[in-house]
Amino acid sequence: MPEELLQALRRARGVDAWRIVERLVERRELYLIGHRVDMRRAATVRRLELTLYRDFQREGQSLRGSATLRVPTGCLKGELERLVERGAEAAGWAGNPFYPLVAPGSGEPEPPASSYAAHFVELEQALEPLASGLFAAERETAGARLNSAELFVENVRTRILNSEGLDVGFPSFRGSGELVVEARGPAGEVELFQELSFAEARAELLGDETRRLLELCRDRARATPTPPLGSFPLLLAGEAVPQLFEYYTFHAAAESVYARLARFSAGQSVQGERLRGDALTLSLEPYLAHSASSAPWDADGFPLRPVALVEAGLLQRYWGPLRYCHYLGVPPTGTLPNLRVLPGSRSLAKLRSRCLEAVSFSDFHLDAVTGDFGGELRLGYLVEEDGSRKPVSGGSVSGRIGELASMWLSAETQARPGYLGPLGLLLEPTAVTGG
Amino acid sequence: MKVPASPYLAAQRRGFRGVVRALGRQYGYVSLLATDSQGTRYEVRRGQVSVQESRWSERGSVVRVHDGSGYAELSFDLPPGRQLAERLARALRTRPAGGLEPMPCPVHREAPLRRRWRGRVKLLPESLRVEQKLARLAAVRDRAFSLCPSLVDIRVIYEEVTVRKLFLSRARELEQAYHWAQGYLIPVVRRGEDTRLMHQTYSGLKGVELLDELEEGLEPTLKTAEQLLGAGRVSPGVYEVILAPEVAGLLAHEAFGHGVEMDMFVKGRARAAQYLGRPVGSQRVTMHDGARAAEQVGSFWFDDEGSLGTDTRIIEAGLFRAGISDLLSALRLGTEPTGNGVRESFARKAYARMTNTFFAPGPDRLEDMIASIRQGYLLERFVSGMEDPRNWGLQGVILYGREIAGGRLGGRVVSPVIMTGYVPEVLGSISMAGGELRLSGSGMCGKGHKEYVKNSAGGPYLKCRLRLG
């Protein structure tokens with residue numbers, strides 16, 4: 001932490017409180033075209049975010065104004081002081097109802113911060129084994145191959161301080177990138193794309209992801225156009241499933257309640273009384289071993305612990321950062337980065353009966369406010385009543401969560417970035433446009 | 001008013017030159033891009049105000065070297081000091097994944113050029129104090145609540161960014177400073193159980209004067225938001241449609257723009273590579289991209305690899321003429337770079353990226369387009385889109401469409417609408433193009449699902465056939 005910034009804050013006039021979030025990022029990047037190296041890159045970057053607060057009264061109401069600034073590395077002489085002055089002035093005009101900052105001793109995160117350090121890796125050594133994991137998966141999967149990949153590994157040291165005396169920090173590892181695979185079918189070459197996010201630099205995990213994508217691409221190569229099915233049951237599987245649940249976390253968020261956008265009330269059903277299927281049980285988690293977004297504290301420095309959000313379809317509580325929970329007068333949970341969803345009662349094999357199983361979209365879209373969802377299908381399977389599956393591609397599916405008559409969750413689970421829960425959801429009705 | 005140059009870059013220029021010189025003794029090619037961009041985002045909504053640093057603010061540098069076979073890069077945010085060149089050289093010598101075979105790339109030989117550019121806006125950010133900007137946004141919000149009884153919330157956002165970059169290599173010393181602004185009106189309206197979200201956006205190489213557009217746009221935005229309440233669903237099928245300029249821009253950007261980014265040619269991911277000189281659309285279709293092709297948020301004088309911005313005619317009267325390229329792809333393909341090498345920030349890699357992408361205007365009038373449609377839709381605003389350069393699939397999520405029946409624009413509104421299609425079929429079906437070109441650049445564009453950059457897209461009103469769902 002630059003001592004000059006702390007000195008500038010001590011000298012600053014009119015600043016009633018402050019918060020600093022510092023992230024030191026050390027990253028290595030490998031760009032592959034086929035098996036060859038397109039480029040190597042490295043980055044060493046410090047991100048320093050400063051929030052300044054000013055407290056004042058207006059029309060009898062206590063207000064707290066704030067302004068958030070990025071403090072650049074290598075400030076010129078006097079620049080830091082001018083930056084703080086500018087921020088303090090802006091904060092004086094951005095007044096919101098008062099809310100406290102996180103005080104030191106607000107509790108310990110669960111699990112403890114030490115759980116995160118284990119993932120730190122030797123960056124220089126990490127990339128080649130990961131690339132080998134991709135190549136091994138390709139060798140084991142006939143009929144599809146790797147087109148290109150980008151692999152990024154980074155060690156991040158996060159530190160959060162505020163004027164209340166809070167000073168917490170933790171190390172973390174983040175892996176990310178993308179994977180493009182291709183296959184040839186009767187209609188020519190096709191490809192599938194996968195964004196990568198991983199919390200452990202383990203070649204076998206990346207290999208599994210690659211293998212799965214290669215197999216899907218092989219199916220896409222022999223897929224036929226999706227027929228116009230009209231109103232039809234949709235078995236949503238894979239990467240789109242976590243996105244659909246954002247509807248539930250959005251409408252249970254304290255910020256949404258404060259903005260009068262939320263549709264859920266504590267103690268009431270989040271699925272409606274008429275919906276057939278599995279009742280939802282959702283919890284928010286600071287830590288999932290596979291999730292690179294896991295964190296022991298949120299950006300305010302609030303200690304994160306697991307939160308039971310929805311149980312058997314009933315909303316247990318609102319969730320959110322200290323500010324919005326303070327506004328609602330409910331206990332704060334902090335901003336939790338992961339969602340865990342209890343699996344359902346039926347296996348995928350049972351759910352697979354006369355439906356469209358959608359496993360890959362161009363870009364699955366959910367409007368969390370309205371509950372509208374949909375996207376263009378890159379790969380799906382038309383499932384007959386006997387469970388037999390035929391790959392299809394093209395066309396689109398769409399629906400609205402509030403208009404669903406049934407939702408069944410698969411018993412099988414999947415681990416995705418920020419998510420652990422059902423692999424598939426059987427939704428009815430949805431509209432399927434042909435390809 | 002002229003956009004001021006960066007005091008930071010001015011102060012460090014000599015030091016950065018020293019870094020390029022020192023590394024130049026060890027490498028066949030060295031370049032350095034230093035950035036110092038600063039911006040602020042102001043937002044008011046019901047009961048809330050915020051002032052945040054813009055996500056486009058950055059200060060840092062990236063050095064690129066040719067290491068004998070290909071290129072390596074190092075991003076850092078330290079200012080130049082006595083030790084910097086040695087530290088960079090040491091870091092560049094470490095070669096993660098050194099056991100893998102490199103894909104060779106020639107050394108770049110560039111023509112010497114020293115030049116500085118500075119943009120102009122009507123009103124610089126300093127022309128209005130923070131409290132004046134916030135007061136104008138708050139007035140828009142308050143007026144919205146007085147005008148619209150079904151309004152639940154409205155986000156009124158104004159963002160201003162001054163971009164400043166310095167590019168140095170043995171042969172080049174380029175510096176630019178320009179300013180852009182963008183604004184959003186995002187009302188949420190509700191009637192009973194029906195909740196709808198609308199958005200209207202504004203953008204350009206503009207300063208505080210953009211606030212005028214935001215204020216003028218409020219009433220039509222609220223009117224459209226109220227029309228979305230009770231909006232119906234489109235019956236899935238293929239329709240004759242008219243794309244408003246913003247949606248035409250989405251088509252240009254997602255359908256064809258991403259597919260002609262020439263780093264995709266190097267990877268063998270672009271079907272367009274096989275169509276050079278061949279028809280890909282109707283004769284009505286002419287499409288451009290370029291940092292110098294229009295004045296919008298995708299404009300600049302030089303890109304993040306030191307190549308000058310251009311105006312590329314991608315499609316001309318239906319024929320695919322040229323792709324858009326970053327420097328390294330051009331070196332590998334033996335083509336000229338088109339000034340499309342853009343980074344999300346100094347900390348990220350440069351890729352071939354669109355800048356200002358648009359269909360050229362045509363001879364037709366909107367009234368005639370509407371009159372020519374028996375059953376179809378006018379698609380006005382979009383939510384998102386996604387590219388598919390290899391398979392030429394098209395996806396766009398459209399916020400709403402207005403029904404056209406019997407050659408007349410009716411009152412029925414459908415929302416949301418998913419448009420899909422096969423790119424050559426869609427471009428081939430363009431039968432009419434309006435006379436007025438409009439671009440917008442309030443969003444951000446990803447390469448896949450990351451590497452977000454600012455660019456703009458647009459076109460005139462276009463008539464074509466699309467599958468809607």
Some residue of the range B:123-134 being without any contact (Cβ under 8 Å) to a residue 12 or more places away in the chain, of a type in the set (A, V, I, L, M) and not in a loop (DSSP other than H, G, I, E, B): no
Residue list for the range A:409-418, filter: crowded, with 23+ Cβ neighbours inside 10 Å and not small (G, A, S): A:L409
Scan of the range A:162-196 for residues that are within 21 Å of the chain's Cα centre (by Cα) and among the basic types (K, R), ordered by number: A:R174
All positions within the range A:101-132 that are more than 11 Å from every other protein chain (Cβ to nearest Cβ), at pLDDT 95 or above and either surrounded by fewer than 19 Cβ atoms within 10 Å (Cβ to Cβ) or not in a loop (DSSP other than H, G, I, E, B) (or both): A:A103, A:P104
Any hit, the range B:303-317, residues being part of a loop (DSSP other than H, G, I, E, B), surrounded by fewer than 20 Cβ atoms within 10 Å (Cβ to Cβ) and over 17 Å from the mean Cα position of the chain (by Cα): yes
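Would you mind finding the one in A:D372, A:D367 that is within 7 Å of chain B (Cβ to nearest Cβ) and either of a type in the set (F, W, Y) or free of Cβ contacts under 8 Å to residues at least 12 places away in the same chain (or both)? Before you say what the answer is, go through the steps one by one.
Values: A:D372 fails: either of a type in the set (F, W, Y) or free of Cβ contacts under 8 Å to residues at least 12 places away in the same chain (or both).
Going through A:D372, A:D367 in turn, just one is within 7 Å of chain B (Cβ to nearest Cβ) and either of a type in the set (F, W, Y) or free of Cβ contacts under 8 Å to residues at least 12 places away in the same chain (or both): A:D367.
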Residue selected from the range A:304-318 under the condition within 19 Å of the chain's Cα centre (by Cα) and surrounded by fewer than 23 Cβ atoms within 10 Å (Cβ to Cβ), by the criterion farthest from A:R340 (Cα to Cα): A:R305
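Does B:R129 count as within 12 Å of chain A (Cβ to nearest Cβ), surrounded by fewer than 18 Cβ atoms within 10 Å (Cβ to Cβ), among the basic types (K, R) and under 30 Å from A:A90 (Cα atoms)?
Working: within 12 Å of chain A (Cβ to nearest Cβ): yes; surrounded by fewer than 18 Cβ atoms within 10 Å (Cβ to Cβ): yes; among the basic types (K, R): yes; under 30 Å from A:A90 (Cα atoms): yes.
When the stated conditions are applied, B:R129 passes them.
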Sole exception among (1) crowded, with 20+ Cβ neighbours inside 10 Å; (2) modelled with pLDDT under 95; (3) not basic (K, R) for B:V62, by number: (2)
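Is it true that A:A266 is modelled with pLDDT of 95 or more, among the small types (G, A, S) and not assigned by TED's automatic domain parsing to the domain that holds A:R19? If you could, list the steps in order and put the result at the bottom.
Numbers: modelled with pLDDT of 95 or more: no; among the small types (G, A, S): yes; not assigned by TED's automatic domain parsing to the domain that holds A:R19: yes.
In short, no.
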The lone exception for B:Q274 - which of (1) within 14 Å of chain A (Cβ to nearest Cβ); (2) among the polar types (S, T, N, Q); (3) under 22 Å from the mean Cα position of the chain (by Cα) it fails: (3)
Evaluation of B:E43 against (1) closer than 28 Å to B:S329 by Cβ; (2) buried (at least 17 other Cβ atoms within 10 Å of the Cβ); (3) under 25 Å from the mean Cα position of the chain (by Cα) (one fails), failing number: (1)
From the options A:Y381, A:Y324, residue that is farther than 30 Å from B:W392 by Cβ, surrounded by fewer than 24 Cβ atoms within 10 Å (Cβ to Cβ), at pLDDT 95 or above and hydroxyl-bearing (S, T, Y): A:Y324
Tally of residues being away from every other protein chain (no Cβ under 14 Å) and either in a strand (DSSP E or B) or in contact with a His (Cβ under 6 Å, 6 or more places away or on another chain) (or both) across the range B:414-464: 14
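Per-residue answers, yes or no, for (1) within 30 Å of A:E255 (Cα to Cα); (2) among the small types (G, A, S); (3) not assigned by TED's automatic domain parsing to the domain that holds B:E110:
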residue	(1), (2), (3)
B:K2	no, no, yes
B:Q12	no, no, no
B:T40	yes, no, no
B:R46	yes, no, no
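Tell me, which residue of the range A:22-60 that is assigned to a strand (DSSP E or B) and away from chain B (no Cβ under 12 Å) is surrounded by the most Cβ atoms within 10 Å (Cβ to Cβ)? Write out each step before concluding.
Filtering the range A:22-60 for residues assigned to a strand (DSSP E or B) gives A:22-33, A:36-58.
Still in the list and also away from chain B (no Cβ under 12 Å): A:22, A:55-57.
Numbers: A:E22: 19, A:D55: 16, A:F56: 15, A:Q57: 10.
So, considering only residues that are assigned to a strand (DSSP E or B) and away from chain B (no Cβ under 12 Å), the one surrounded by the most Cβ atoms within 10 Å (Cβ to Cβ) is A:E22.
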Residue in the range B:41-56 that is touching a residue at least 24 places away in the same chain (Cβ under 8 Å), at the interface with chain A (Cβ under 7 Å from one of its Cβ atoms) and among the small types (G, A, S) present: no
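Each row is one residue, and each column tells you yes or no for (1) within 19 Å of B:V234 (Cβ to Cβ); (2) basic (K, R).
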residue: B:P337; (1), (2): no, no
residue: B:K349; (1), (2): no, yes
residue: B:R353; (1), (2): no, yes
residue: B:P361; (1), (2): no, no
residue: B:D364; (1), (2): no, no
residue: B:G376; (1), (2): yes, no
residue: B:R381; (1), (2): yes, yes
residue: B:I404; (1), (2): yes, no
Every residue from the range B:340-379 that is in a strand (DSSP E or B) and touching a Lys or Arg at 6+ places or on another chain (Cβ under 7 Å): B:V342, B:R343, B:A350, B:Y351, B:Y377, B:L378
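Give the residues of the range B:245-288 that are acidic (D, E), in a helix (DSSP H, G or I) and modelled with pLDDT of 95 or more, sorted by residue number.
Looking only at the range B:245-288, we keep the residues that are acidic (D, E), and these are B:246, B:254, B:261, B:263.
Of the ones still in play, those that are also in a helix (DSSP H, G or I) are B:246, B:254, B:263.
Residues satisfying the conditions are B:E246, B:D263.
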From the options B:L168, B:L185, residue that is within 21 Å of the chain's Cα centre (by Cα), over 25 Å from A:R86 (Cα atoms) and not β-branched (V, I, T): B:L185
All positions within the range A:167-221 that are in a loop (DSSP other than H, G, I, E, B), more than 10 Å from chain B (Cβ to nearest Cβ) and out of contact with any strand residue (DSSP E or B) (no Cβ under 7 Å at 6 or more places or on another chain): A:P186, A:E200, A:R202
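Where in the range A:332-435 are the strands (runs of 3 or more DSSP E), entirely inside, with at least 1 residues that are under 30 Å from B:V414 (Cα atoms)?
Details: elements: A:338-341, A:355-361, A:372-383, A:389-393, A:396-400, A:406-409, A:413-416, A:419-422, A:424-433.
Qualifying strands (runs of 3 or more DSSP E): A:355-361, A:372-383, A:389-393, A:396-400, A:406-409, A:424-433.
How many residues does the range B:1-25 contain that are within 30 Å of the chain's Cα centre (by Cα), part of a helix (DSSP H, G or I) and more than 11 Å from chain A (Cβ to nearest Cβ)? I'd like the intermediate steps shown before the answer.
Narrowing the range B:1-25 to residues within 30 Å of the chain's Cα centre (by Cα): B:1-10, B:12-13, B:16.
Checking the rest, the ones that are also part of a helix (DSSP H, G or I) come to B:7-10, B:12-13, B:16.
Now narrow it down to the ones that are more than 11 Å from chain A (Cβ to nearest Cβ): B:13, B:16.
Of the residues in that region, 2 qualify.
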Residue within the range A:232-251 that is in contact with a Pro (Cβ under 9 Å, 6 or more places away or on another chain), surrounded by fewer than 21 Cβ atoms within 10 Å (Cβ to Cβ) and at pLDDT below 95 present: yes
Criterion violated by A:T226 - all others in (1) over 18 Å from A:T430 (Cα atoms); (2) touching a Gly at 6+ places or on another chain (Cβ under 8 Å) satisfied: (1)
Given (1) part of a strand (DSSP E or B); (2) of a type outside the set (S, T, Y); (3) within 23 Å of the chain's Cα centre (by Cα), number of the condition B:L409 does not satisfy: (3)
Subset of the range A:402-431 (residues that are within 12 Å of another protein chain (Cβ to nearest Cβ) and either at pLDDT 95 or above or touching a Ser or Thr at 6+ places or on another chain (Cβ under 7 Å) (or both)): A:P417, A:P429, A:T430, A:A431
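The values are calculated or read from the model by the stated rules, or taken from the named source; none is laboratory data. Just so it is clear, the model here is predicted, and its values are computed rather than measured. In this analysis, Cβ positions are derived from the backbone assuming ideal geometry, glycine residues included, and neighbour counts consider all displayed protein chains.
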